[in-house]
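Quick notes on the structure that follows.
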Amino acid sequence: MSEREEHIKSIVAALPDTPGVYQYLDENGKIIYVGKAKNLKRRVSSYFNKTAQNVKTAILVKKIHNIKYIVVKSESDALLLENNLIKKYQPRYNVLLKDGKTYPWLCITKEPFPRVFKTRQVFKGAEYYGPYSSVWVLETMLDLIRSIYPIRRCKLRLNEEDIAKGKFKLCLQYHIHNCLGCCEGLQSKNDYDRMIAEIRQIAKGNSRELARILLNEMERLATELRFEEAQAIKEKYLAIEQYREKTVITTTKDDNIDVFGYTEDENIAFVNILHITEGAISQGFTIEYHKKMDESKEELLSMAILELRDRIGSNAKEVIVPFEPYMEIEGVNFILPQKGDKHKLLELSEANARQYKLDRLKRGEKLNPEQRSTRILKNLQEFLKLDKIPAHIECFDNSNISGSDAVAGCVVFKMGKPSKNDYRKYNIKTVVGPDDYASMKEVVFRRYKRLVDEGAPLPDLIIADGGKGQMESIRQAVEDELGLKIPIAGLAKNSKHQTNELLFGFPPKSVGLKPNNPVFKFLGTIQNEVHRYAIGFHRDKRSKSQTHSELDEIKGIGPKTRDELLCSFKSVKRIKNASLEELGKIIGTSRASIIYNHFHGILKP
């Protein structure tokens, strides 16, 4: 695998399972394709599935040297952002490659008397606005445009010269007042062009004027008591308003804005910029700063603002930030929004910064798996508020059937990995019957009494495969009887016997760790391992007890002799009834005498 393929593979592996827009870059860093995705990881991965590639996709994939992306909140937002970026960068392969699903566009033809209509096909020689994620919204807007502007609906190839020659005749649309008759010169070209110019502004996103017209019309009809007509207008008005408000990819004003999102860890700060041009996101990427001293987040954000604005050549006078930077820029207004569209843009930028941080982490952990273990252990330390990283974890589990063949297992994890040489098995000695709590207390006491006596290192954390009762049994053994101070946690199950919460402290309380959290999954791995280990030990012991026979009680007779006799005589009963000579033929006179005397009550041969 080439270095390029390794690089691409590492990026794809770290992609999130969220909606977003991806950008493919060539070896010169030029964007060659922009696409949208409901699930970024699944969509981008599909391009590199060789069995699913067509010829055009294969050509594109060979050109890809880097992948960038922007996460958004919904598929609809992804669609709109994709459209904005395609308009800005005009990537080469967006002409050659189409996603399987097509969306409708609003088309304005470049004719002397332009037509306006809905289409799913894009050809040269016309203006296209969209795409629209909702066909109904596009049709509603088109109906509104036609109701306000009586533009022609015919497909005639109109021009002023042929109109002057009288080559065209009025159609039904004129007589029902849907058209002003430009085909016969009843409407001037200047007047028609004025209507198209206003329609073009609406198509570009200035639907506020359209909404204002609808609102005025609705109020007029209501005043005239024409309520049914007013209700119809209201539904159209609400459709336009909802469409304008549902996305954060376009703002309510044709503004130029810079939006900065910030997140950090102990060593690195991640800063994202979303550059808004004329109300739409046109650029977005994230950079990282490696901390050298004790720089504050305000200082780091200030450095990033200067660097990123210079990099993209931004002169935006409005800058949205999550907190006040360390500096002021002449003529620039820093905004800390608490709600509304600008706050949504800030949330989107911060989500991209967090995702970039997570991607870097995943890619680093793939190269160095120990890094992931360390991170998870640090997170576990934070969740439980431990004094140090739980580098040494031990977990206990009991196993028995109605108290018979009762055993327990202890597994040991060091730096997040199983240390199988330190695993221990225990036969329950002091407990009679099925008493899990007493069994747990016995085993834990024996385990740590021995470690203390031997001067061996104690664990940083003990985990019980169970809830409050198991945790209390461990606490009694560790604290009350041995006087030790070791943190104790428990993995409790719900009514469906599914592990659903991590308990800690006394009295035990849930730490609020969600099951999909990597820390919870790590603890689940430990729980599964101790369960497997204890069950396996119990199964082995039960198997041995089931094959145990009276021959095992005879001193001087080992497993090999026992197996030879059972192989020949098939049962202990037949061995009892065998003569000394018959036994001697199988195992020799000396051992035959021991067995014969045992079954026939003779003390000496």
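Please treat every number below as a calculation from the coordinates, not as lab data. Just so it is clear, the structure is predicted and the values come from calculations on it, not from any experiment. As a convention, Cβ positions derive from the backbone with ideal geometry for all residues, glycine included, and neighbour counts pool all protein chains shown.
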Would you please give the FRET efficiency between LYS155 and HIS177, computed as 1/(1 + (r/R0)^6) with r the Cβ-Cβ distance and R0 = 22 Å, to the nearest 0.05? 0.65
Straight-line reach only, C-alpha to C-alpha below 18 angstrom: list the lysines that LYS493 could link to, leaving out same-chain residues fewer than 8 apart. LYS468, LYS509, LYS514, LYS521
What dipole magnitude, in Debye to the nearest 20, does the chain give about its Cα centre under +1 on Lys/Arg Cβ and -1 on Asp/Glu Cβ? 2580
What is the gain in length, in nm to one decimal, between TYR423 and LYS189 on full extension, counting 0.36 nm per residue of separation less the C-alpha to C-alpha distance? 75.3 nm
Which value in nm describes the separation of the simple spin-label points at SER495 and ASN66, placed 7 Å from the Cα toward the beta carbon? 5.5
Within the chain, what is the longest stretch that has no GluC sites (Glu not before Pro) placed in a DSSP loop and near at most 12 other beta-carbon atoms within 10 Å? 331-605
Within straight cross-link reach of LYS36, meaning Cα distance under 15 Å, which aspartates and glutamates are found once same-chain residues fewer than 8 apart are removed? ASP17, GLU75, ASP77, GLU82, ASP99
Give the lysines whose C-alpha is closer than 17 Å to that of LYS541, dropping any in the same chain fewer than 8 places away, or say none. LYS425, LYS429
Between the helical axis of 589-600 and the dominant principal axis of the chain, each derived from Cα atoms, what acute angle in degrees is found, rounded to the nearest 10? 90
For a footprinting-style exposure proxy, rank SER373, SER46 by other Cβ within 10 Å, fewest first. SER46, SER373
Given an 8 Å cut-off on Cα distances and at least 6 residues of separation, report the relative contact order of the chain as a percent. 7
Determine the alpha carbon to alpha carbon distance for each of LYS297/LYS317; LYS155/LYS189; LYS560/LYS585 and list only those over 20 Å. LYS297/LYS317
So for the range 381-532, averaging the separation of alpha carbon pairs under 8 Å that are six or more residues apart and normalising by length, what relative contact order in percent results? 21
If you rank MET1, MET195, MET141 by fewest surrounding Cβ atoms within 10 Å, what's the result? MET1, MET195, MET141
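For LYS555 and LEU580, FRET efficiency with R0 = 25 Å and r from the beta-carbon atoms, rounded to 0.05?
Details: r = 18 Å, r/R0 = 0.73.
Calculated value: 0.85.
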Per-residue [θ]222 nm for the chain (sum of -39500 (n - 2.57) over DSSP H runs n ≥ 4, rounded to 500): -14500 deg cm²/dmol
Quote the FRET efficiency, to the nearest 0.05, computed for VAL572 versus ARG539 with a Förster distance R0 of 22 Å and r equal to the Cβ-Cβ distance. 0.35
Extension length gain for MET1 and GLN371 (0.36 nm per residue less Cα distance), in nm, is 130.8 nm
Note the angle between two axes, namely the Cα long axis of helix 75-89 and the longest principal axis of the Cα atoms of the chain, as a number of degrees from 0 to 90, rounded to the nearest 10. 60
Any residue on another chain or 5+ positions along whose placed amide H is under 5 Å from the amide H of GLN283 is listed here as HIS275
So how much slack lies between HIS600 and VAL135, counting 0.36 nm per residue of separation and subtracting their Cα-Cα distance, in nm? 157.8 nm
